[in-house]
1. Say we look at region 1-60 and pick out the residues that are of a type in the set (S, T, N, Q) and farther than 26 Å from residue 89 by Cβ; which of these is most open to solvent (accessible area, probe 1.4 Å)?
2. Of all the helices (runs of 4 or more DSSP H) wholly in region 14-89, which have at least 3 residues that are at pLDDT 95 or above, closer than 24 Å to residue 4 by Cβ and more than 10 Å from the chain's Cα centre (by Cα)?
3. Mind listing whichever residues of region 61-72 are under 22 Å from residue 24 (Cβ atoms) and either open to solvent by 40 Å² or more (accessible area, probe 1.4 Å) or touching a Leu at 6+ places or on another chain (Cβ under 6 Å) (or both)?
4. Identify the residue in region 73-90 that is of a type outside the set (Lys, Arg) and closer than 10 Å to residue 61 by Cα and, among all such residues, is most open to solvent (accessible area, probe 1.4 Å).
5. Cβ-Cβ under 6 Å, sequence separation 6+ or interchain: first residue in region 14-32 and touching a residue at least 60 places away in the same chain (Cβ under 8 Å), partner among the hydrophobic types (A, V, I, L, M, F, W, C) and in a helix (DSSP H, G or I). Which pairs?
Amino acid sequence: IEKDPKYALAYTGLGDAYAQMKDPDKALGSYRKALELRPDYALVYYKLGLLYEDSNPAEAIKQFEKYLESGKTPQYRDEVAAKIEALKLTLKR
C-alpha cells in the first residue's frame, strides 16, 4: 500500500487480514477503500457480505446481491444465492 496506494488488491488483502483478526471495522474500511479504487471489484462485495452476515443481515444481502449482479467471479454464485435466501428467512423472524 505504501508502494502503490491505488492498488485495490492490496486493500482487499489488508481487509482479509483484519477480518481474520476479528477487527470488522478495519476490515470494512479496507474493503471500502478497495471499492473506492475499483468499484467493479465484485469479489469485495462478496467479502463485505461475509463480513456483515452475522451483524447486519440486511446489509449482507445487499452486498451479496451486488456480487451476483456483477456477473464476475462466478465461483461463489451458488453459495451466495443460498446465503441470501437464508438471510431473508432470518429477517422474516
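1. Step one: filter region 1-60 for residues of a type in the set (S, T, N, Q), giving 12, 20, 30, 55-56.
Those left that are additionally farther than 26 Å from residue 89 by Cβ: 12, 20, 30.
Numbers: 12: 4, 20: 153, 30: 9 Å².
Looking at the filtered set, the residue picked out is 20.
2. Numbers: elements: 24-37, 42-52, 57-70.
It comes to 24-37.
3. Hits for region 61-72 are 61, 62, 63, 65, 66.
4. First, pick out the residues of region 73-90 that are of a type outside the set (Lys, Arg): 73-76, 78-82, 84-87, 89-90.
In the following step, the residues that additionally are closer than 10 Å to residue 61 by Cα were identified as 80-81, 84-87.
Working: 80: 0, 81: 44, 84: 10, 85: 107, 86: 53, 87: 13 Å².
So the residue we want is 85.
5. none
The values are calculated or read from the model by the stated rules, or taken from the named source; none is laboratory data. None of the values given here were measured: they were computed from a predicted structure. Note that each Cβ is placed from the backbone with ideal geometry, even for glycine, and that neighbours are counted across all protein chains shown. The area values use the complete protein model at the heavy-atom level, side chains included, leaving out ligands, DNA and RNA. Shrake-Rupley method; radii C 1.70, N 1.55, O 1.52, S 1.80 Å.
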